[in-house]
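Some notes on the structure that comes next.
The values are calculated or read from the model by the stated rules, or taken from the named source; none is laboratory data. Computed from a predicted model, the values in this text were never measured in an experiment. Cβ sites come from the backbone with ideal geometry, for glycine too, and all protein chains shown count toward neighbours.
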Amino acid sequence: MNPSVAVVILNWNGSAFLKQFLPGILLSEYDNLQIIVGDNASTDDSVEFLQANFPTVKIIKNELNYGFAGGYNKVLEQVEADYFVLLNSDVEVTPNWIKPIIDLMESDALIAAAQPKIKWQLNKNQFEYAGAAGGYLDIYAYPFCRGRLFNVYEDDKGQYDEQKEIFWASGAAFFIKSKYWKETGGLDADLFAHMEEIDLCWRLKNLGYKIMYCPKAEVYHVGGGTLQTENPFKTYLNFRNNLIIMQKNLPAKDALFRIFIRMWIDFIAWWHFLLSGKPKFTMAVSKGHWHFIKSIFKTNKKRTAIQKPYTKHEGVYHKSIVWAFFIKKIKYFTQLN
């Protein structure tokens, strides 16, 4: 029998997405599977809809909205399976999206987490923002993806059809061996949402595990289902959390230098928002930096005993992606060197 897999959908007021995508998830071709919806204290009709229409789907209810990170931690404490799959409610799956990844992860004990190929649900030929063909970090820990650099999205022409070790797997469709989830303590609930999967992957990599991209499995993500892209709170979380995970996971000798440079790069974004007439986004960057500084001592206590040299990790681009994209005008991952 195949290893047991629990697909866990964290839901917050996502009734429309459950109606649209849950039927397809229930048709997944895998013989040792449970489908679970973890509800983060929704105020819409999500729970009632599930109870009335999908009685075989297990519902685990959180009493509060703990965000993406805390919500999953609470729900997965109550789930038993060999593999956890954290699946966004706004993801459309294909029938055979599970087994290729499980087969890949079973082939190597050091593979802790993986993701499928992620394309845009509204244009299925195009890679999607949150994961695309695998996540990378640049020399200053700025995240980007194969198939998506900033606002340039590539069409899928088979250019990323090779199985590959990456730095981080997308939280939109995140596969992890449950024993490694438990070993690392899951997601950092203080991050609330955004970057928490990068933090988890980074901690796994520091422990010597691998993160993989599996092109044989494919899903389609709507994106921005809970927090829209043009949302100052999302901007705040991204800027704050990126600095926090750098402090948590970089070797001590690297952390001060890379964070210092990164904050100056963020300052360029601050000016861009200001000159573009987006004062709320300017304030979001400032607030993100201030809250990072306020949390330095708390974050320092989360540093583990093991931090591998950053540039030794697979999935690190050893230059600045900001410089490559905006100054050198490189628009595609395949052009990076």
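Computed quantities for the displayed model
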{"item": "Scope region 133-158; condition of a type outside the set (D, E), part of a loop (DSSP other than H, G, I, E, B) and under 23 Å from H313 (Cβ atoms); matching residues", "result": "A133, G134, I139, Y140, A141, Y142, R146, G147, F150"}
{"item": "Unique match (being modelled with pLDDT under 95 and surrounded by 15 or more Cβ atoms within 10 Å (Cβ to Cβ)) among F273, F326", "result": "F273"}
{"item": "Residue among D156, D108, D138 that alone is free of Cβ contacts under 8 Å to residues at least 40 places away in the same chain and of a type in the set (D, E)", "result": "D156"}
{"item": "Hey, D161 closer than 13 Å to A217 by Cβ and free of Cβ contacts under 8 Å to residues at least 12 places away in the same chain or not", "result": "no"}
{"item": "Options S107, S28, S46, S15: the member that is among the hydroxyl-bearing types (S, T, Y), in contact with a Phe, Trp or Tyr (Cβ under 6 Å, 6 or more places away or on another chain) and in the same structural domain as P215 (by TED's automatic domain parsing)", "result": "S15"}
{"item": "Pair list, Cβ < 7 Å and 6+ apart or interchain, from region 252-264 residues that are assigned by TED's automatic domain parsing to the domain that holds K301 and surrounded by 11 or more Cβ atoms within 10 Å (Cβ to Cβ) to residues that are aromatic (F, W, Y) and assigned to a helix (DSSP H, G or I)", "result": "D254/Y310"}
{"item": "Looking only at region 68-112, and only at residues there that are of a type in the set (G, A, S) and assigned to a loop (DSSP other than H, G, I, E, B), the one that is farthest from D190 (Cα to Cα)", "result": "S107"}
{"item": "Filter result for the condition that a residue is outside the structural domain of Y317 (by TED's automatic domain parsing), within 16 Å of W202 (Cβ to Cβ) and of a type outside the set (A, V, I, L, M), over Y160, Y153, Y129, Y142", "result": "Y142"}
{"item": "Checklist (1) closer than 28 Å to D188 by Cβ; (2) in contact with a helix residue (DSSP H, G or I) (Cβ under 6 Å, 6 or more places away or on another chain); (3) surrounded by fewer than 16 Cβ atoms within 10 Å (Cβ to Cβ) applied to T43, failing item", "result": "(2)"}
{"item": "L187 vs. criteria in contact with a helix residue (DSSP H, G or I) (Cβ under 7 Å, 6 or more places away or on another chain), outside any loop (DSSP other than H, G, I, E, B) and at negative phi", "result": "no"}
{"item": "Selection count, region 65-92, where residues are crowded, with 24+ Cβ neighbours inside 10 Å and either out of contact with any strand residue (DSSP E or B) (no Cβ under 7 Å at 6 or more places or on another chain) or farther than 22 Å from I198 by Cβ (or both)", "result": "1"}
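Rundown of residues vs (1) assigned by TED's automatic domain parsing to the domain that holds D199; (2) free of Cβ contacts under 8 Å to residues at least 12 places away in the same chain; (3) over 19 Å from R146 (Cβ atoms), yes/no style:
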{"site": "L275", "(1), (2), (3)": "no, yes, yes"}
{"site": "M283", "(1), (2), (3)": "no, no, yes"}
{"site": "N300", "(1), (2), (3)": "no, no, yes"}
{"site": "Y317", "(1), (2), (3)": "no, no, no"}
{"site": "I327", "(1), (2), (3)": "no, yes, yes"}
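Yes or no, residue by residue, for (1) within 16 Å of N242 (Cβ to Cβ); (2) basic (K, R); (3) in a helix (DSSP H, G or I); (4) over 24 Å from the mean Cα position of the chain (by Cα):
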position: L274; (1), (2), (3), (4): no, no, yes, yes
position: K280; (1), (2), (3), (4): no, yes, yes, yes
position: G288; (1), (2), (3), (4): yes, no, yes, no
position: I293; (1), (2), (3), (4): yes, no, yes, no
position: K298; (1), (2), (3), (4): no, yes, yes, no
position: Q307; (1), (2), (3), (4): no, no, no, no
position: E314; (1), (2), (3), (4): no, no, no, no
position: K319; (1), (2), (3), (4): no, yes, no, no
